[in-house]
Amino acid sequence: MSIIVAIHRHATITMGADTLTCFGDGEQSPQENCQTRKILPMGEAFIGGTGWAVYDDIIEHWMANREAPTLDTKSAVFAYFLELWQGMRDGYPFVNDQSNSKDTPFADLDSTFLVAGSGGLFKVSSDLGVTAFNRYAAIGSGAEYAMGAIECLWDRIEDDEALVRAAIEAACRLDVHCGGQIDLVRVPTA
């Protein structure tokens, strides 16, 4: 499981994630044994993902021979993930054509992503829906704790890295599926 937090202020997006490695059966690897980087560089942008860790491998493999996209608008982010979804269905036979629910006509990635680019902060939901956020967003285990911490501390902590750290630390204290070191990246915005 993972916690990924991003805030957008001071003409910068600061994104952070924990590095705890958990496996499907709840097994955790001690942080000195295994740390997982959950934020991937994508050209001038960063993508943080929660859910199935194999997405990191798929995205890195799929992007190996491609130019990094410009992820600076909601439509550019949607286009990238739509192309990725099609590429996964065509090139990775172990990827299921998810939509096992009769409640929705849409595919289900079983993962959620935050994208930090020069044009803003975007959340990609498991159904590929893209939402732009003006101030902050959090995804993964403990997201509700992280967002509560950000809301409470927004006017009290001026340093963006300190605020992201505080939000991740809150999630790590209150959710057993978050932990390890904190990985931070920054993206200047227009």
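The values are calculated or read from the model by the stated rules, or taken from the named source; none is laboratory data. Predicted model, so just to flag it, every value in this text is computed and none were measured. Don't worry about glycine lacking a Cβ; one is built from the backbone with ideal geometry, like all the others, and counts go over all protein chains shown.
Using the structure shown, decide if PHE133 is free of Cβ contacts under 8 Å to residues at least 60 places away in the same chain and surrounded by 14 or more Cβ atoms within 10 Å (Cβ to Cβ). Against the criterion (free of Cβ contacts under 8 Å to residues at least 60 places away in the same chain and surrounded by 14 or more Cβ atoms within 10 Å (Cβ to Cβ)), PHE133 does not qualify. Considering segment 128-190, the qualifying strands (runs of 3 or more DSSP E), each wholly inside and each with 1 or more residues that are among the aromatic types (Phe, Trp, Tyr), run over 130-133, 136-140. Checked across segment 141-154, the condition of being within 14 Å of the chain's Cα centre (by Cα), farther than 17 Å from ALA170 by Cβ and at pLDDT 95 or above holds for no residue.
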